[in-house]
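Input: a single structure, listed below in structure tokens.
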Amino acid sequence: MPEMKLIFEDNNLARLLYGDLNKNLTTIEKNIGVSIKARGNELALEGMKHEVEVAAMALKQLYELLKAGYPVYPSDVAYGLRILERSSKANLKEIFLDRVYITANQRVVSPKSVNQKNYIDSIRNNDIVFGIGPAGTGKTYLAVAMAISALTSNQVKNIILTRPAVEAGENLGFLPGDMAQKVDPYLRPLYDALNDMLGREKVIEYIEKGIVEIAPLAFMRGRTLNNAFVILDEAQNTSHEQMQMFLTRLGFDSKTVITGDITQIDLPGGKQSGLIEASRILKKIKGIVFCSFSDVDVVRHPLVQDIIRAYAKKEMKPGKIKSISKPKK
């Protein structure tokens with residue numbers, strides 16, 4: 001079996017690279033199928049030639065991330081391996097060191113895949129961006145992070161988050177309470193993302209001051225959204241009329257991000273999804289970018305990838321959709 005040896009100059013960084021009880025090395029062994037033996041700042045890698053090369057490349061690049069001050073966790077190791085397995089020319093520093101936002105508890109929000117990096121760059125360089133792909137790929141979370149970053153740097157004055165109130169055939173009329181209480185469960189994922197990044201007290205303050213608004217899509221009708229960062233989540237559940245209405249709300253000095261998963265359409269009666277229709281109608285318009293995600297970009301529990309692939313295979317649907325346009329360089 002091919003063997004390769006790696007030597008790292010800094011013993012302290014080497015320990016961080018290995019992780020507590022060599023947890024990071026164990027992650028590499030499980031994901032790649034190589035054997036890694038550590039002796040001080042020296043590693044011996046053994047396995048199939050390609051696997052050894054990928055593992056060595058990952059270790060070298062993760063070490064460089066540590067030198068740059070980036071805290072490497074087992075999840076980052078798994079993401080890095082996934083990226084390098086698909087593209088040996090990928091630069092983990094370029095991806096992971098793109099700091100979108102630092103949360104209230106000092107956690108760095110950054111892209112974890114090539115597609116996520118392209119998505120972030122697309123939002124920076126364009127006023128309308130679509131993020132289309134399966135659950136867990138960071139579409140909404142990264143969009144919210146970009147919105148908060150734009151707000152705190154005074155690029156916009158408001159953040160507006162909206163979703164269509166359509167979920168798996170359920171009917172709002174059967175829920176208890178007034179209209180605000182009825183739609184609240186549908187908007188909860190947006191609150192969760194905000195609370196995670198800003199902290200609950202700050203979110204409440206921003207909502208009370210009108211700086212952040214979270215509302216069902218129907219409430220957008222008739223408005224002009226100026227100087228705002230607008231996010232439409234779960235857009236696969238919009239109708240033709242709703243999508244057209246939403247897209248024409250955009251005012252001056254504003255950005256909008258539309259996210260959705262075309263494999264999870266809950267519209268009644270086989271109604272055409274406004275998101276799918278928009279991807280056909282708008283694909284040639286300059287300044288509108290469509291970013292595609294697949295199971296490879298999932299940043300949840302590793303089993304989520306397998307679940308997405310299993311369902312995609314059973315339903316004879318691809319795990320990803322074809323990119324409609326590429327982000328500007």
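Could you check N237 against (1) open to solvent by less than 30 Å² (accessible area, probe 1.4 Å); (2) farther than 24 Å from T137 by Cα; (3) modelled with pLDDT under 95 and say which number it fails?
(2)
Table: residues versus (1) exposed (fewer than 15 other Cβ atoms within 10 Å of the Cβ); (2) without any contact (Cβ under 8 Å) to a residue 40 or more places away in the chain; (3) within 28 Å of N195 (Cα to Cα).
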| position | (1), (2), (3) |
| --- | --- |
| E42 | yes, yes, no |
| L45 | no, no, no |
| M48 | yes, no, no |
| A90 | no, yes, no |
| E94 | yes, yes, yes |
| N115 | no, no, yes |
| N126 | no, no, yes |
| G131 | no, no, yes |
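Would you mind telling me which numbered condition in (1) of a type outside the set (S, T, Y); (2) closer than 17 Å to S113 by Cα; (3) open to solvent by less than 20 Å² (accessible area, probe 1.4 Å) E85 fails?
If we test E85 against (1) of a type outside the set (S, T, Y); (2) closer than 17 Å to S113 by Cα; (3) open to solvent by less than 20 Å² (accessible area, probe 1.4 Å), just (3) comes out false.
Do we have V203 as modelled with pLDDT of 95 or more, within 30 Å of Q106 (Cβ to Cβ) and among the aliphatic types (A, V, I, L, M) here?
No: the conditions fail for V203.
Would you check if P111 is in contact with an Asp or Glu (Cβ under 7 Å, 6 or more places away or on another chain) and not in a helix (DSSP H, G or I)?
Yes, satisfied.
From the set of residues in the stretch 248-271 that are of a type in the set (A, V, I, L, M) and open to solvent by 40 Å² or more (accessible area, probe 1.4 Å), which is nearest to T162 (Cα to Cα)?
L250
For residues in the stretch 211-221 being open to solvent by 40 Å² or more (accessible area, probe 1.4 Å) and in contact (Cβ under 8 Å) with a residue 40 or more places away in the chain, which is nearest to the chain's Cα centre (by Cα)?
By that ranking, first place goes to E213.
Suppose the filter is polar (S, T, N, Q), out of contact with any Asp or Glu (no Cβ under 9 Å at 6 or more places or on another chain) and open to solvent by 10 Å² or more (accessible area, probe 1.4 Å); does Q242 pass it?
Spelling it out, Q242 is indeed polar (S, T, N, Q), out of contact with any Asp or Glu (no Cβ under 9 Å at 6 or more places or on another chain) and open to solvent by 10 Å² or more (accessible area, probe 1.4 Å).
Examine the stretch 186-194 for a residue that is open to solvent by 70 Å² or more (accessible area, probe 1.4 Å) and either under 26 Å from G138 (Cβ atoms) or modelled with pLDDT under 95 (or both), and state whether such a residue exists.
Yes, there is a match, as at least one residue in the stretch 186-194 is open to solvent by 70 Å² or more (accessible area, probe 1.4 Å) and either under 26 Å from G138 (Cβ atoms) or modelled with pLDDT under 95 (or both).
Collect the residues in the stretch 222-232 that are modelled with pLDDT of 95 or more and open to solvent by 10 Å² or more (accessible area, probe 1.4 Å), keeping them in residue-number order.
Matches in the stretch 222-232: N226, N227.
Run down A38, A68 and say which single residue is more than 29 Å from D196 (Cα to Cα), open to solvent by less than 60 Å² (accessible area, probe 1.4 Å) and among the small types (G, A, S).
A38
Any chance you could count how many residues in the stretch 56-84 are touching a residue at least 40 places away in the same chain (Cβ under 8 Å) and either of a type in the set (A, V, I, L, M, F, W, C) or closer than 22 Å to D121 by Cβ (or both)?
10
The values are calculated or read from the model by the stated rules, or taken from the named source; none is laboratory data. This is a predicted model, so every value here is computed, not measured. FYI the Cβ positions are ideal-geometry reconstructions off the backbone, even for glycines, and counts take in every protein chain you see. These area figures cover heavy atoms from the full protein model, side chains too; ligands, DNA and RNA do not enter into them. Shrake-Rupley method; radii C 1.70, N 1.55, O 1.52, S 1.80 Å.
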